[in-house]
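Scroll down for the structure; my scribbles are underneath it.
Bear in mind that the values in this text are calculations on the coordinates, not laboratory data. Bear in mind the structure is a predicted one, so any value in this text is a computation, not a measurement. Neighbour counts run over all protein chains shown; Cβ positions are idealised from the backbone, glycine included.
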Amino acid sequence: MRKQFVTTVEEILKKDERAVLLLGDIGVFGFRNAFKNYPDRVYNIGILEQSTISMASGLSITGLIPIVHTIAPFLTERCFEQIKDDFGYQKLGGNLVSVGASYDYAGLGCTHHCPADVPILMNIPDVQIIVPGTSEDFDTLFKESYSNGKLKYFRLSERENQTKVPVKFGKANVIKKGKSGTVIAVGPLLDKVINATKDIDVTVIYLTTLRPFDTETVQKNITGGKVFICEPYYSGAITEEIIKASKDPLKIEFLGVPKEFLTNYGTKEEHDEHLGFTEKNILTRIKKLIHE
Amino acid sequence: MKKLQTEILQNAFSSKEGHIPSSLSILDILWVLYSKILKVNPKKPHDPNRDYFILSKGHASLGLYSVLAEKGFFDKKKLKDFCRYESILGGHPNRNKVPGVEASTGSLGHGLPIAVGIAKGLKIQKKKQKVFVIIGDGESNEGTIWESALLASHHKLDNLCCIVDHNHSGDRALDLGNLENKFSSFGWDCMTINGHDQKEIEKALKTKHANVPLAIIAKTIKGYGIKALENNSAWHHKSPNQEEFEGLMKELS
């Protein structure tokens with residue numbers, strides 16, 4: 001997904017002179033050609049994330065389209081107030097693109113974990129949040145929205161779905177229809193959800209744009225009054241939207257990252273196992289919900 | 001200036017809101033900026049060829065509003081609505097409500113990096129306008145001020161001028177030492193002036209500073225013009241009662 005980010009942004013830099021890329025001292029090698037080809041619009045700004053966000057809002061005031069890229073905790077948690085005041089409150093457009101969200105950098109410890117990115121940004125009105133599940137998703141969703149005048153947060157993941165689905169910004173995809181309940185898979189969790197649910201009669205919805213939330217599609221596809229939400233960040237970021245989308249009371253269960261410090265290291269797969277992000281656990285949890 | 005000072009006092013009194021001494025501290029600087037320096041058109045506040053001014057210490061909004069109204073950016077009658085529920089004029093300025101306001105400030109340490117972004121954006125687009133920003137000395141505690149100082153000199157933003165309203169209100173917390181030396185060591189051209197001498201302010205703001213940003217350390221008095229308020233921290237965020245208002249107005253008359 002990171003390679004796709006480079007390819008997509010290079011294409012945009014080529015065709016849109018308003019696009020300006022600000023790197024927080026990461027991705028410099030990946031963007032080496034962009035540095036060469038667009039020296040006036042590609043910068044390694046340095047390790048000063050808060051000022052980078054404010055500076056990006058200043059670029060936006062002059063009519064440019066900033067794309068800011070660094071590691072998730074430094075881009076979101078460290079800069080929450082800059083995102084809130086300088087983009088949200090000021091109603092300015094721009095693009096924040098993170099890597100290393102949740103525990104993608106498992107071995108680096110909790111300072112580099114960030115399962116809070118999506119939930120905290122949900123607290124800033126009008127910030128649009130995109131969690132692509134594949135490189136193709138990112139390419140499509142970024143190109144559709146990068147210049148839409150809103151602030152967007154794109155969460156690049158270290159893992160990709162093998163399942164390819166034609167996504168559209170602001171729209172959910174219905175992967176299959178069933179009667180016993182609805183499973184919502186966010187971004188890179190789609191493969192696991194598809195495999196886990198292949199023999200059970202549930203609807204599966206794939207979400208890549210979390211805000212603006214596709215209420216219409218979700219509303220039409222809630223089945224059995226039961227919803228299982230599979231999300232790769234702290235649980236709960238889209239629960240309110242799902243409850244609002246339903247005309248009837250719902251029984252909802254979650255699989256998300258629990259609100260605890262993950263003080264073990266290892267690999268993201270080991271953390272998946274520990275936290276229950278496995279096909280087996282997903283199937284067990286869904287069966288329990290639909291048979292209750 | 002008396003007229004503007006009186007307006008600030010009256011509006012703070014009637015609204016029971018506002019930071020009077022902080023506003024008086026920068027009034028001379030604001031007046032010189034809008035009278036002699038900034039290329040702005042009150043009838044076309046979004047003119048793409050305008051200069052930019054950002055009040056990073058947004059709590060001094062009463063001062064900015066008085067000057068903007070005096071220059072015709074909006075009807076002076078609006079000043080009377082300061083901080084009322086439906087007013088466009090809040091305790092901190094909002095760029096989406098107030099004609100002439102370029103950035104919504106309030107939380108300290110945001111205006112300078114935004115100004116850096118505007119200055120850089122103008123450079124990228126090969127535009128010639130200038131960007132001016134006023135920060136406070138207390139605000140200079142914020143790390144983003146010094147992050148921005150690094151960025152501005154690294155990117156050779158000679159279209160950026162930062163005025164530090166050095167009224168020493170932050171002294172009770174942190175000793176900033178020699179601000180001129182600090183900005184100089186960050187690669188800025190720097191000078192110290194009397195922030196209430198309008199001729200000196202104008203001369204400083206017109207200083208050429210090729211390839212580097214300019215910092216002007218303006219020695220100011222918090223509450224300047226009304227002796228009872230000057231350097232009196234009790235008045236930082238306080239509006240006068242009837243009796244106090246009458247006393248302060250007498251001082252101005």
Inter-part distance where region B:64-98 and region A:1-56 are each reduced to a Cα centre, Å: 38
Region B:53-69 - phi-based ³J(HN,Hα) in whole Hz, Karplus 6.51/-1.76/1.60, Gly and Pro as x: 10, 10, 8, 5, 7, x, 5, 8, 4, 4, x, 4, 4, 4, 5, 4, 5
Which of A:Met1, A:Met55, B:Met191 has the fewest Cβ neighbours within 10 Å, and the rest in rising order: B:Met191, A:Met1, A:Met55
Local net charge near A:Leu289, Cβ-Cβ under 12 Å (Lys/Arg +1, Asp/Glu -1): +3
GNM top mover of A:Thr76, A:Thr278, A:Thr111 - chain A, alpha-carbon springs below 10 Å: A:Thr111
Chymotrypsin sites (Phe, Trp or Tyr not before Pro), loop per DSSP, at most 10 other Cβ atoms within 10 Å - longest free stretch of chain A: A:30-260
Cα-based Kirkwood hydrodynamic radius, region A:173-291, one decimal, Å: 14.4
Whole-percent pair-distance distribution, where bins are 10 Å wide, for the alpha carbons of the protein assembly as shown: 4, 17, 24, 20, 16, 11, 6, 1, 0
Pairs of Cα atoms farther than 23 Å apart, region B:6-116, %: 19
Radius 13 Å from Cβ of B:Asp165, net charge of other residues (Lys, Arg +1; Asp, Glu -1): 0
GluC sites (Glu not before Pro) restricted to region B:98-152 and DSSP loop, no more than 13 other C-beta within 10 Å: none
Value of Rg/Rh across region A:2-155 [Cα atoms, Kirkwood radius]: 0.93
Nonlocal amide H pairs with A:Ala19, under 5 Å, H built at 1.01 Å: A:Ile65
Residues whose placed amide H lies under 5 Å from that of A:Leu210, excluding near-sequence neighbours: A:Ile129, A:Ile130, A:Val131
Candidates A:Asp40, A:Asp126, A:Asp25: whichever shows maximal mean-square fluctuation once chain A is modelled as a Gaussian network with Cα springs under 10 Å: A:Asp40
With eigenvalues of the C-alpha gyration tensor scaled by 5 and rooted, region A:231-292, Å: 26, 16, 8
Percent of Cα-Cα distances greater than 14 Å, calculated over region B:92-153: 59
Centroid-to-centroid separation of region A:70-136 and region B:108-145 [C-alpha atoms, Å]: 24
Theoretical ellipticity at 222 nm over chain B - DSSP helices of four or more residues, -39500 (n - 2.57) apiece, nearest 500: -10000 deg cm²/dmol
Cα-based Rg and Dmax for region B:2-252, where Dmax is the largest Cα-Cα distance (Å): 17.2, 55
Mean ellipticity per residue at 222 nm, deg cm²/dmol - from DSSP H runs of n ≥ 4 across chain A, formula -39500 (n - 2.57): -8500 deg cm²/dmol
Kirkwood Rh, Cα atoms: Rg over Rh of region B:155-243: 1.07
Lysine pair number, Cα distance threshold 16 Å (strictly under), region A:38-187, separation 8 or more or different chains: 10
Cα gyration tensor shape of region A:159-230, rounded if a/c is under 1.5, else prolate or oblate by comparing a/b with b/c: oblate
Lysine pairs meeting the criterion (Cα under 16 Å, 8 or more apart or interchain), as found in region B:111-219: 17
For region A:7-13, Karplus couplings with θ = phi - 60° (6.51, -1.76, 1.60), whole Hz, Gly/Pro x: 4, 5, 5, 4, 4, 5, 4
Spatial separation of Cα centroids for region A:266-289 and region B:234-253, in angstrom: 66
Loop trypsin sites (Lys or Arg not before Pro), region B:189-230 (other Cβ atoms within 10 Å of the site Cβ: 12 or fewer; DSSP): B:Lys206, B:Lys208, B:Lys227
A:His271, B:His46, B:His19 arranged by Cβ crowding within 10 Å, fewest neighbours leading: B:His46, A:His271, B:His19
Residue-wise HN-Hα coupling along region B:193-200, computed from phi with Karplus coefficients 6.51, -1.76, 1.60 (Hz; x: Gly, Pro): 9, 7, x, 10, 9, 5, 5, 5
Of the GluC sites (Glu not before Pro) in region B:3-91, those whose Cβ has at most 11 other Cβ within 10 Å and which sit in DSSP loop: B:Glu86
Stokes-Einstein D for chain A, Kirkwood Rh over Cα pairs, 10 °C, 1.306 mPa s (µm²/s): 82
A:Ile175 long-range amide H proximity, modeled H, under 5 Å: A:Val204, A:Ile205, A:Tyr206
